[in-house]
Amino acid sequence: MISVNKNYANLKDSYLFYKIAQKIKKYTEEHEGAYIYRLGIGDVSQPLSASVIRALHEAVNDQAEKKTFHGYMPECGAPFLREAIAAHYAKKGVNLKTEEVFVSSGASDELGDILDLFDKSSVALVTEPAYPAYVDANVMAGRKILHLPSSEENGFLPPPPSEKADLIYLCSPNNPTGAVYTKEGLRQWVDYANENKSVILFDAAYEAFIEDPSLPRSIFEIDGARTCAIEICSLSKTAGFTGTRLGYTIIPSELNREGMNLNAMWVRNRTTKTNGVSYILQKGGSAVFTEQGQKEVRELISVYKNNAKRLMRAFDEIGLPYFGGKNAPYVWVKCPQNLTSWGFFDYLLEKICVVGTPGSGFGQCGEGYFRFSSFASEEDTEAAAKKMVALLKK
Ligand code: PLP
């Protein structure tokens with residue numbers, strides 16, 4: 001008889017966004033015609049930009065002609081896209097070799113798949129509150145997890161702990177708190193990882209939202225990171241690729257552990273477990289890194305930044321303490337009237353049909369907080385902001 005992976009029995013029974021969807025379903029069934037203002041899930045609302053659409057169309061046409069048709073793509077990514085990404089990093093002052101850039105189908109896929117590189121006995125450390133997939137992927141793998149809580153006191157940016165950990169998850173700008181590590185804050189983690197021979201999985205999915213030029217947009221802006229870090233990034237939030245799917249992972253050639261090279265291991269993994277990302281998507285993705293593509297990215301992001309500003313203005317008016325929002329698409333709010341995170345969720349849904357994400361879904365230390373996403377439409381954000389002021393302003 002087959003033996004299944006029993007670690008799945010240790011997963012929390014319901015995934016955060018599933019539970020939210022269930023609550024909305026129940027509410028709309030009981031309140032026919034109710035319009036829900038969805039400021040919860042971090043999915044984008046703006047369409048792909050003109051350059052990306054053009055590149056996608058052209059790539060489809062390429063596939064129609066014998067001369068330009070492409071079959072299997074190289075498993076680690078098309079050279080044209082790997083080079084475009086490396087050139088993009090060079091503009092941030094980070095020099096990468098093309099072979100250090102791996103094209104992926106998105107950050108989520110990579111965050112799960114990359115665990116193949118590490119033994120089950122490695123201890124994972126998750127700085128919390130955190131994107132729930134970090135914990136769940138390690139529970140599935142049966143790994144021991146250290147939960148490192150953060151709080152208002154450390155600006156939701158915890159320094160390294162005294163105990164040792166092997167696989168360290170850092171997300172900056174952070175989902176859900178919107179907090180961003182400074183170079184000095186990241187340097188402490190890089191030193192810790194090099195000393196302990198750990199590996200940092202640096203989730204840079206929201207790097208494009210950083211507007212303060214003193215804040216690092218890549219962990220490789222920090223000296224020493226090339227010997228201890230892997231960076232996972234995505235075009236989902238940068239360029240609206242949530243439904244299109246494209247990301248990239250950086251594994252420096254100097255990253256060795258126990259006599260093995262992690263870049264070479266990942267090449268072996270990809271060439272075994274994938275047949276590459278589609279030519280069409282990689283062409284579309286490469287348009288993001290052109291000068292015009294970057295201009296369009298900034299326009300897209302400015303829509304979300306205006307939404308975040310609109311939300312922050314509302315919370316200022318209400319007098320509700322909040323974090324993030326400036327260099328990140330999320331505004332992390334302290335729940336009013338000592339409500340729990342789910343208590344505030346139910347209150348907003350029942351009273352004004354506004355949906356956010358309960359902070360407790362991102363780890364225990366998120367209890368009493370609530371995440372608002374700036375990715376909704378401008379109209380919904382404006383209406384929800386007004387409704388929240390009317391409901392919560394004393
Ligand atoms: N990492 C973080 C922190 C996220 O918030 C998300 C999605 O919301 C992802 C990764 C997943 O990104 P992708 O759409 O590229 O899978």
Exercise. Which part of segment 134-164 falls in the paramagnetic zone of Glu258, meaning amide N under 15 Å from the point 7 Å along Cα-to-beta-carbon?
Worked result: 143-144
Problem set entry | Net length gained if the chain between Glu378 and Lys144 were fully extended (0.36 nm per residue, minus Cα distance) | 80.0 nm
Seminar exercise, completed: The set of residues whose placed amide H lies less than 5 Å from the amide H of Arg257, leaving out same-chain residues fewer than 5 positions away, is Leu262
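Restricting to DSSP H runs of at least four residues, report the calculated mean residue ellipticity at 222 nm for the chain, -39500 (n - 2.57) per run over all residues, nearest 500 deg cm²/dmol. Each step should come with its number before you reach the end.
On the way: 12 runs with 152 residues, N = 394.
Rounded to the nearest 500, the figure is -12000 deg cm²/dmol.
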Problem set entry | Inter-label distance for Ser121 and Lys197, nm, one decimal - labels placed 7 Å from Cα along Cα-to-Cβ | 1.2
Exercise. Contour minus end-to-end for Asn61 and Leu339, with contour as 0.36 nm per residue of separation and end-to-end as the Cα-Cα distance?
Worked result: 94.6 nm
For this session: First measure r as the distance between the Cβ atoms of Asp212 and Glu153, then evaluate 1/(1 + (r/R0)^6) with R0 = 22 Å and state the FRET efficiency to the nearest 0.05.
Result: 0.55
For this session: Compute the length gained on full extension between Glu291 and Ala90: take 0.36 nm times their separation in residues and subtract their Cα-Cα distance, giving the result in nm to one decimal.
Result: 71.0 nm
Exercise. Which residues in segment 327-360 have a backbone N closer than 15 Å to a point placed 7 Å from the Cα of Ala34 along the Cα-to-Cβ line?
Worked result: 343-356
Problem set entry | Angle between the chain longest axis and helix 341-352 axis [Cα atoms, degrees, rounded to 10] | 60
Seminar exercise, completed: Here, Gln22 and Lys394, labelled 7 Å along Cα→Cβ, have an inter-label distance in nm of 3.6
Seminar exercise, completed: With a Förster distance of 35 angstrom and the Cβ-Cβ distance between Val267 and Tyr15, calculated FRET efficiency to the nearest 0.05 equals 0.65
Exercise. Which ³J(HN,Hα) values in Hz, rounded to whole numbers, follow from the phi angles of segment 199-210 under the Karplus curve 6.51 cos²θ - 1.76 cosθ + 1.60, where θ = phi - 60° and Gly and Pro get x?
Worked result: 10, 8, 9, 9, 8, 10, 4, 10, 4, 5, 8, 6
Exercise. Do the alpha carbons of any pairs in Lys305/Lys334; Lys334/Lys393; Lys91/Lys237; Lys19/Lys386 sit beyond 24 Å of each other, and which pairs?
Worked result: Lys19/Lys386
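Kindly flag which residue pairs out of Lys120/Lys197; Lys144/Lys164; Lys309/Lys387; Lys12/Lys197 have an alpha-carbon separation exceeding 20 Å in this structure.
Details: Lys120/Lys197 16 Å; Lys144/Lys164 12 Å; Lys309/Lys387 16 Å; Lys12/Lys197 30 Å.
Violating the 20 Å limit, Cα to Cα: Lys12/Lys197.
Every number in this text was worked out from the coordinates using simple rules, so none of it is lab data. What you see is a predicted model; the values in this text were computed from it and never measured. No Cβ is skipped: glycine too gets one built from the backbone with ideal geometry, and neighbour counts run over all protein chains shown.
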